[in-house]
Amino acid sequence: MSSKQKHISETPATQFLRKHGAAFSEHPYTYVEHGGTGESARQLGVEEHHVVKTLVMEDEQAKPLIVLMHGDCSVSTKNLARQTRRKSIQPCKPEVAQRHSGFLVGGTSPFGLRKAMPVYVEASVLALERIYLNGGKRGYLVGIAPALLTQLLNATPVHCALDD
């Protein structure tokens, strides 16, 4: 790390990545309430399509799951439910998402979750060279090779992206 780059505090996500010997880069930015992936992409000078959202959702039995989606797309919950053989899927309320993941909304990472949940990733995310996703706190992304999602999280590819 260069002396200019400020050191980021450890999060459950970075601890998980280090424990598994995964290569990642650290990308702090100024968190803006409701700024979303558009704001982080703008500040970091990367395409929003390469910034991946970590969404905590639940099925009809209130069982949680994680969906990793391009920042500039939304999730077709109908398509996702069909592909994962569930009756329905909907986003969790923020306080429920926080309870499942252990992370504050706006700082949710798929790495280092409080409890194990199935992880689904939009298939086209895996085709990108490098992606940026939350490192476990607001205002902090990590850059990784998308293959880590399937290697470390056993993420299942799905086709459920809707252009925003």
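Sorted by accessible area (1.4 Å probe), largest first, how do Thr77, Thr14 line up? Walk me through the numbers on the way to the answer.
On the way: Thr77 45, Thr14 0 Å².
Per-residue accessible area, sorted high to low, gives Thr77, Thr14.
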Expected field for Val105, accessible surface area in Å² at 1.4 Å probe radius, rounded to 10, holds 60 Å²
Mean accessible area per residue over the chain (1.4 angstrom probe, all protein chains present, square angstrom) is 52 Å²
Calculating Kirkwood radius over Cα pairs in Å from this structure picks out, from (1) 15.8; (2) 18.1; (3) 20.2, entry (1)
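Go ahead and estimate [θ] at 222 nm for the chain from helices alone: -39,500 (n - 2.57) per DSSP H run with n ≥ 4, summed, over the residue count, rounded to 500.
Values: 5 runs with 39 residues, N = 164.
It comes out at -6500 deg cm²/dmol, rounded to the nearest 500.
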Note on region 42-164: contact order normalised by length, alpha-carbon pairs under 8 Å, 6 or more apart, percent, works out to 29 percent
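The values are calculated or read from the model by the stated rules, or taken from the named source; none is laboratory data. Since we're looking at a predicted model, the values are computed, not measured. Quick note on the areas: whole protein, heavy atoms, side chains included, nothing else; ligands and nucleic acids left out. Shrake-Rupley method; radii C 1.70, N 1.55, O 1.52, S 1.80 Å.
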